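Here is the structure we will look at, set down as structure tokens.
Every number in this text was worked out from the coordinates using simple rules, so none of it is lab data. On a predicted model such as this, the values are computed, not experimentally measured, just so you know. Cβ: placed from backbone, ideal geometry, glycine included. Neighbour counts: every protein chain shown.
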Amino acid sequence: MSAPPSIGRSAPCARLPFFTKDLIAHRVRSYRTRESWRLLVGLAPLLFALAVQAAETPVVRVAHAGSMGVVMDQDLGPAFAKAHRAQYQGIGQGSYVLARLIAGKQFIADAFVGITPGPMEVLKKVGLVVHAVPVASTRMVVVYSPKSRFAADFQAAAAGRKAWYDVLREPGLRLGRTDPAVDPQGANALLTLQLAARYYHQPKLLQEVAGEWQNPQQMFAEASLMSRLEAGQIDATIGYASAAFSHHLPTIALPAEIDLAQPALQASWYAKAGFTLLSGKKLEAQPLVFYAAVPANAEQPVLGRAFVELLTSAAGRQALRERGYDPPHGKTL
């Protein structure tokens with residue numbers, strides 16, 4: 001007779017490993033929960049102190065041209081926050097959009113930095129700005145993507161071996177620009193092409209490169225334009241040299257007669273460019289100067305003035321210069 005199976009001894013031994021894992025897992029979870037509570041209780045005074053400090057730290061809101069995002073967010077904003085023990089909030093958008101939001105009391109800024117006199121004039125008309133100071137300048141250039149299939153042609157144009165406007169007229173080339181109705185950079189791209197048509201005696205150049213004023217196939221938000229160039233999603237744009245420099249993108253320099261950088265050419269040459277959008281809005285060429293001001297309804301006017309002082313200081317101008325901005329041209333508005 002064979003011996004009966006020893007079920008009474010083997011069964012508990014077979015279940016032991018599973019039971020042990022569950023038990024260990026349970027105890028680990030309990031331990032972690034207890035430790036988490038202990039850690040939370042221990043950090044409570046510190047978290048409370050940080051919350052109080054955050055509530056007491058003043059916030060300075062700076063509305064600026066979207067093309068200034070890199071120098072504002074990476075250089076000037078952090079430097080100002082550290083020096084003044086304040087929180088810096090930078091809002092970059094088309095200068096006209098920001099100016100109209102501020103003028104309409106839909107947005108409150110402690111400092112406003114826009115490009116060309118136009119956006120600042122919007123705030124002066126409603127009495128929110130009395131004067132604005134020039135803080136930097138830039139110029140229009142052709143910016144192209146190193147990943148573009150036309151990159152070799154652009155390099156040839158930069159070296160003077162090919163006309164840049166002929167590259168922009170290549171079939172299949174993807175040109176990007178911002179909406180001229182809300183962003184000076186988009187308007188300046190068209191005004192540059194308009195001046196180039198006159199300068200190079202190419203009367204159809206503007207229409208052949210850009211199409212309609214507000215061609216939907218070429219319209220992108222200002223904040224995304226450089227990113228799309230970096231990714232190779234578009235081949236080129238006509239934009240600010242300072243923005244291209246900040247994003248390490250290659251450019252083609254343009255003659256002074258069409259780069260909108262020289263106030264001395266305003267009356268004799270730049271003033272020849274201008275157009276009217278379907279909305280009736282008239283756009284005219286203006287020198288590419290960045291102006292800064294503190295709106296009259298700023299919540300932190302002392303900090304706003306301190307930020308404008310930073311822009312005009314030696315340290316501020318060095319930061320701007322290192323990001324590709326030119327010294328400010330022109331006078332106080």
Problem - From phi via Karplus (6.51, -1.76, 1.60), per-residue ³J(HN,Hα) for region 187-192 in Hz, x at Gly/Pro - result: 5, 5, 4, 5, 5, 5
Problem - Two-decimal Rg to Rh for region 137-232 - Kirkwood Rh, Cα set - result: 0.93
Exercise for the section: Could you go through region 287-302 in sequence order and give the Karplus-derived ³J(HN,Hα) for each residue, using 6.51 cos²θ - 1.76 cosθ + 1.60 with θ = phi - 60°, rounded to whole Hz, and x for Gly and Pro? Expected result: x, 7, 10, 8, 10, 10, 7, 10, x, 5, 9, 4, 7, 10, x, 5
Exercise for the section: State to the nearest 20 debye the size of the charge dipole of region 121-170 about its Cα centre, where the only charges are +1 on K and R beta carbons and -1 on D and E beta carbons. Expected result: 40 debye
Completion exercise
Any trypsin sites (Lys or Arg not before Pro) in region 115-180 that lie in a DSSP loop and have at most 16 other Cβ atoms within 10 Å would be LYS147, ARG149, ARG161, LYS162, ARG169
Problem - Check: region 131-285 dipole with +1 on Lys, Arg Cβ and -1 on Asp, Glu Cβ, in debye - result: 180 debye
Handout entry: Label-point separation, ASN297 to LYS331 (7 Å along Cα→Cβ), nm
Key = 3.1 nm
Completion exercise
Charge tally for neighbours of ARG177 with beta carbon under 14 Å away, counting Lys, Arg as +1 and Asp, Glu as -1, is -3
Exercise for the section: Within region 218-287, list the trypsin sites (Lys or Arg not before Pro) lying in a DSSP loop whose Cβ has at most 11 other Cβ atoms in a 10 Å radius. Expected result: none
Exercise for the section: Quote to one decimal, in nm, the extra length available between GLU121 and TYR199 on full extension: 0.36 nm per residue of separation minus the C-alpha distance between them. Expected result: 25.1 nm
Exercise for the section: Note down the net charge around ALA65, summing +1 for each Lys or Arg and -1 for each Asp or Glu among other residues with Cβ under 12 Å from its Cβ. Expected result: -2
Completion exercise
In the neighbourhood of ILE91 defined by beta carbon distances under 13 Å, the net charge of the other residues (Lys, Arg +1; Asp, Glu -1) is -2
Completion exercise
A chain fully extended from LYS281 to ARG161 at 0.36 nm per residue, minus the present Cα-Cα distance, gains in nm 39.4 nm
Fill in the blank from the handout: Ordering 293-305, 63-75 by per-residue average of other C-beta atoms within 10 angstrom, highest first, gives 63-75, 293-305
Practice task
Sort 315-326, 181-192 for me by packing, meaning the mean count of neighbouring Cβ atoms within 10 Å per residue, highest on top.
Solution key: 181-192, 315-326
Practice task
May I ask for the distance between the Cα centers of region 59-134 and region 311-333, given as a whole number of Å?
Solution key: 15 Å
